[in-house]
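Colleague: What follows is a structure written as structure tokens; I'll ask about it next.
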Amino acid sequence: MNRAADWLRQAERDLAAAENAAGAGYHEWAAFGAQQSAEKAVKALVESRHGSARGHSILSILSQCALEVPEPVVEAARELDQVYVTARYPNGFAAGAPADYFSARTSERLLANARSIVDFCRSAVP
């Protein structure tokens, strides 16, 4: 059974939740939500092409798609992959909690990256 539509719908909800987290000042959660949104969107893309993807690297999952991915989307994936651990765990940095390292500016950039990936995947999923 192809569940691409389910993955894409959840990706869009995760993006909305990440935007809400940013608006409330939880920028580390906005970062993680942006990463999760993009990850689910690329999994939707792979599944729509009758594949399946495991793991959490957006860049790696994108490489499984047999289509040309625009460079800005690749760069967005690279940046979002960097926050999968650091946005959630204090040991992602030498000292301090994730909340110390993520700001409104970070949220804005990461949410834009997630939006670009979700938009790309939405346009490529039949």
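Here, each number is a calculation from the coordinates, and none is a lab measurement. Just so it is clear, the structure is predicted and the values come from calculations on it, not from any experiment. No Cβ is skipped: glycine too gets one built from the backbone with ideal geometry, and neighbour counts run over all protein chains shown.
Colleague: Once you put a point 7 Å from the Cα of residue 101 and another 7 Å from the Cα of residue 3, both along the Cβ direction, what distance in nm separates them?
Modeller: The modelled label-to-label distance comes out at 3.1 nm.
Colleague: Right, next: Compute the distance in nm between two label points, each set 7 Å from the Cα along the Cα-to-Cβ direction, one at residue 12 and one at residue 56.
Modeller: It works out to 2.6 nm between the two label points.
Colleague: Mind checking the full-extension length gain between residue 64 and residue 82? Use 0.36 nm per residue of separation minus the Cα-Cα distance, one decimal, nm. Display every interim value, and only then the final one.
Modeller: Details: separation 18, 0.36 × 18 = 6.48 nm, distance 1.93 nm.
My answer for the length gained is 4.6 nm.
Colleague: Could the peptides 3-14, 77-88 be put in order, highest first, of the mean number of other beta-carbon atoms found within 10 Å of their residues?
Modeller: 77-88, 3-14
Colleague: With +1 on the Cβ of every Lys and Arg and -1 on the Cβ of every Asp and Glu, and nothing else charged, how large is the dipole of the chain about its Cα centre, in debye rounded to the nearest 20?
Modeller: The calculation lands at about 300 debye.
Colleague: Please tell me the relative contact order of the chain in percent, rounded to the nearest whole number, where contacts are Cα pairs under 8 Å and at least six residues apart.
Modeller: 35 percent.
Colleague: What is the distance in Å between the Cα centres of region 43-111 and region 1-42?
Modeller: Each part's Cα centre sits 11 Å from the other's.
Colleague: Right, another one. Just subtract the alpha-carbon distance of residue 71 and residue 108 from 0.36 nm times their residue separation and send over the number in nm, one decimal.
Modeller: Values: separation 37, 0.36 × 37 = 13.32 nm, distance 1.96 nm.
Gain in length upon complete extension: 11.4 nm.
Colleague: Then there's this: Measure nothing fancy, just the Cα-based angle from helix 4-23's long axis to the longest principal axis of the chain, in degrees from 0 to 90, nearest 10.
Modeller: 20
Colleague: Once phi is turned into ³J(HN,Hα) by the Karplus curve 6.51 cos²θ - 1.76 cosθ + 1.60 with θ = phi - 60°, what whole-Hz value does each residue of region 25-41 show in order, with x for glycine and proline?
Modeller: x, 8, 6, 5, 6, 5, 4, 5, x, 5, 4, 5, 4, 5, 4, 5, 5
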